[in-house]
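Undergrad: Okay, here's the structure, questions in a sec.
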Amino acid sequence: MEPLTCQRVVDAGKFESSLHSHPLAVTFWRICFQPCLPWEHFEVKIRFLLGVIWASPNTLLGLLIGGIGMCFGAKAQVAGRAIEFSEGGIKWLIHRFPNGQFTLAMTLGHVVIGQTKAALEISRVHETVHVRQYERWGPFFIPAYVIASIYVWARGRRLYRDNPFEIEAYDADDLTGAM
């Protein structure tokens, strides 16, 4: 499924650049106030907003983690349809995961946490696929992901790489040459 996009007709660059240090405000502006062509892309905007709402429980968890990370030196930026957090407390947290030193990034709704900005750039295509998966699965994404991992592991396959959600994300990487 192709990501939903919207042709923008207003250059809001000055407004967005004044908010560069506030990624949440920029994202809110882009979603709610940047107009699309009148009625032509109304369905696209509504479907996108419904996806944001549907994924919001997981996004709130990601924002909580990102906010705590920022208290310990993490940086935030907006990339595409996600808010990304990296460095500082986020890097420390990721290193605490099993095999965390090998984890570049992780997605929670419309939030991506990554070890470094470079890690976020490398994994952006992959993590964008997960953002779209959260938009489809909403609050059921994490349970579905865990169940899929357990299922493939019980069948003697790899817990992470053979998970159907990861296969879809790695296929996107292969198409773009990323990761």
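Undergrad: On average, how much area does the Cα convex hull of the range 119-179 cover when viewed from any direction, in nm²?
TA: Working: hull surface 16.8 nm².
Mean shadow area of the hull around the Cα atoms is 4.2 nm².
Undergrad: Next up: Do any chymotrypsin sites (Phe, Trp or Tyr not before Pro) in the range 39-106 lie in a DSSP loop with no more than 11 other beta carbon atoms within 10 Å, and if so, which?
TA: Passing sites in the range 39-106 are TRP39.
Undergrad: How far is it, in nm, from the label point at ASP171 to the one at LEU60 when both lie 7 Å from their Cα along the line to the Cβ?
TA: 3.3 nm
Undergrad: Something else: Where does the range 40-90 land on Rg/Rh, using Cα atoms and the Kirkwood Rh?
TA: Working: Rg = 13.6 Å, Rh = 12.1 Å.
Ratio of gyration radius to Kirkwood radius for the range 40-90: 1.12.
Undergrad: I would also like to ask the following. Compute the length gained on full extension between ALA154 and LEU49: take 0.36 nm times their separation in residues and subtract their Cα-Cα distance, giving the result in nm to one decimal.
TA: Extra length available between ALA154 and LEU49 comes to 34.1 nm.
Undergrad: Return the inverse of the average 1/r over all pairs of distinct C-alpha atoms in the range 49-148, which is the Kirkwood hydrodynamic radius, in Å to one decimal.
TA: That comes to 13.2 Å for the range 49-148.
Undergrad: Continuing with the same structure: Compute the accessible area per residue over the range 43-179, keeping the other protein chains in place, probe 1.4 Å, unit Å².
TA: So the range 43-179 comes to 54 Å² accessible per residue, rounded to a whole number.
Undergrad: A further question on this structure: Considering only C-alpha atoms, what is the centroid distance from the range 115-136 to the range 68-106, in Å?
TA: 12 Å
The values are calculated or read from the model by the stated rules, or taken from the named source; none is laboratory data. In this text, all values refer to a predicted model and were calculated from it rather than measured experimentally. Cβ sites come from the backbone with ideal geometry, for glycine too, and all protein chains shown count toward neighbours. Side chains are part of the model used for accessible areas, which takes the heavy atoms of the whole protein and leaves out ligands, DNA and RNA. Shrake-Rupley method; radii C 1.70, N 1.55, O 1.52, S 1.80 Å.
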